[in-house]
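The values are calculated or read from the model by the stated rules, or taken from the named source; none is laboratory data. Just so you know, these numbers come straight off a predicted model, no measurement behind them. No Cβ is skipped: glycine too gets one built from the backbone with ideal geometry, and neighbour counts run over all protein chains shown. Calculation scope for accessible area: heavy atoms of the full protein, side chains included, ligands and nucleic acids excluded. Shrake-Rupley method; radii C 1.70, N 1.55, O 1.52, S 1.80 Å.
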Amino acid sequence: MRSVLPFAARLTITETQAWLDALRNALPDCDVLLLEDATEAQRAGVEVAIAANPDPATLKTLPNLKWVQSLWAGVEHLLAETQDADFAIVRMTDPHLAKTMAEAVLAWTLYLHRDMPRYRAQQDVRLWQQHPTLLPSQRTIGVLGLGNMGKAACQTLVQHGFKVCGWGRSPTSIVGVETHDGEEGLDAVLRQSTILVCLLPLTPQTRGLLTEETLTLLPNGASFINFARGPIVDTSALLRHLDCGHLAHAVLDVFDEEPLPQESPLWSHPNITILPHVSALTNKQTASKLVAENINQFLINRTIPLSVDKTLGY
Ligand code: NAP
């Protein structure tokens, strides 16, 4: 018998259709349909659903739901909105996504490393002025978060010749990277990072982690890249550090509110580069293939893939 797989999504019509096409293509032996189109009888039999910004109320209409496959790597909203539910949440851990993120980290690290914001500003005033270039080995890049994204980013930066140090919750080792954990570990990473890259999940512990005080630990003239989640950094504190010249530049892909409101001062700040949450967009083909592997495994032997630890929040 074909399994019914409801897709619970709050996306544009075009995006929803594109995901349905990719998921149906990857799961030809299942009936992938919009959750709102499932009959009551179909809903009663559902044990696994696929989700992309779902309306949590719709998931409650699945009485036998055992787990939800998220199409996103960050699941803080889904976790917060389904706190009382007892189904497991499996997030997107596509190696292609990690590779895409590592590419973005390298691209924007090089943007800062090669002084591109400064040369762009010089072009605006027709100023012809050269500045010395550091070797990658003279530059320490700090990476906060050493999971799928952080590890891939560290490896790519090391391959490029940068000195890399990283910080995670528990001890980890990555070839060529000085790794740290715990509160003291964070201090050690911040103190030596001339470019700091944030790749942490947003959890109760990481919300507001980068404050006025913690940012003070960064060396003078350091830059910051946030490819994780906006609320991990105190935006007002970040602005103060940029305005007083302690920090040189920030590349921000994620914000407290998205899309970034028109009236936000971040848009026009000369030392901020804004990206519209694009550092690692989920690739529909590779992600659907991974979703299909997880779901087929479950249908064969009832194994639920490694799911989010609801106490830790990631
Ligand atoms: P992950 O595999 O779960 O890794 C999370 C890392 O953060 C782990 O190293 C973990 O430490 C560490 N960590 C968690 N809580 C911590 C804490 N309190 N103190 C110190 N370290 C802590 O997650 P991932 O797949 O790498 O993704 C990370 C985040 O990237 C996602 O949650 C999402 O928000 C963001 N993201 C953004 C985009 C984008 O386009 N902007 C795309 C994809 C993902 P342990 O190793 O000890 O567990």
#### Entry: When residues of segment 235-263 are limited to those that are of a type in the set (A, V, I, L, M, F, W, C) and open to solvent by 10 Å² or more (accessible area, probe 1.4 Å), the one nearest to the ligand (Cβ to nearest atom)
Phe255
### Query
Leu290 is checked against (1) open to solvent by 30 Å² or more (accessible area, probe 1.4 Å); (2) within 16 Å of the ligand (Cβ to nearest atom); (3) out of contact with any helix residue (DSSP H, G or I) (no Cβ under 8 Å at 6 or more places or on another chain) and fails just one. What number does that condition carry?
(1)
### Message
Being open to solvent by less than 30 Å² (accessible area, probe 1.4 Å) and near the ligand (Cβ under 8 Å from one of its atoms) is the filter here; which residues of segment 168-181 pass it?
### Response
Gly168
## Note on the structure
Residues of segment 187-229 being farther than 26 Å from Glu257 by Cα and either free of Cβ contacts under 8 Å to residues at least 24 places away in the same chain or touching a Phe, Trp or Tyr at 6+ places or on another chain (Cβ under 6 Å) (or both), in sequence order, are Ala188, Val189
### Query
Given (1) under 30 Å from Val278 (Cβ atoms); (2) crowded, with 16+ Cβ neighbours inside 10 Å, where does Pro95 come up short, assuming only one miss?
(2)
### Query
If you take the residues of segment 128-159 that are in a loop (DSSP other than H, G, I, E, B) and either touching a strand residue (DSSP E or B) at 6+ places or on another chain (Cβ under 6 Å) or open to solvent by less than 80 Å² (accessible area, probe 1.4 Å) (or both), which of them is farthest from Val105 (Cα to Cα)?
His131
### Task
Could you identify the single residue in Pro201, Pro270 that is surrounded by fewer than 19 Cβ atoms within 10 Å (Cβ to Cβ) and modelled with pLDDT of 95 or more?
Pro270
### Task
Check Ile232, Ile295, Ile300 and return the single one that is out of contact with any Phe, Trp or Tyr (no Cβ under 7 Å at 6 or more places or on another chain) and either within 16 Å of the ligand (Cβ to nearest atom) or modelled with pLDDT under 95 (or both).
Ile232
### Task
Scan segment 67-76 and give yes if some residue there is polar (S, T, N, Q) and modelled with pLDDT of 95 or more, otherwise no.
yes
### Query
Looking at segment 73-91, which of the residues that are assigned to a loop (DSSP other than H, G, I, E, B) and open to solvent by 20 Å² or more (accessible area, probe 1.4 Å) is farthest from Lys284 (Cα to Cα)?
Asp84
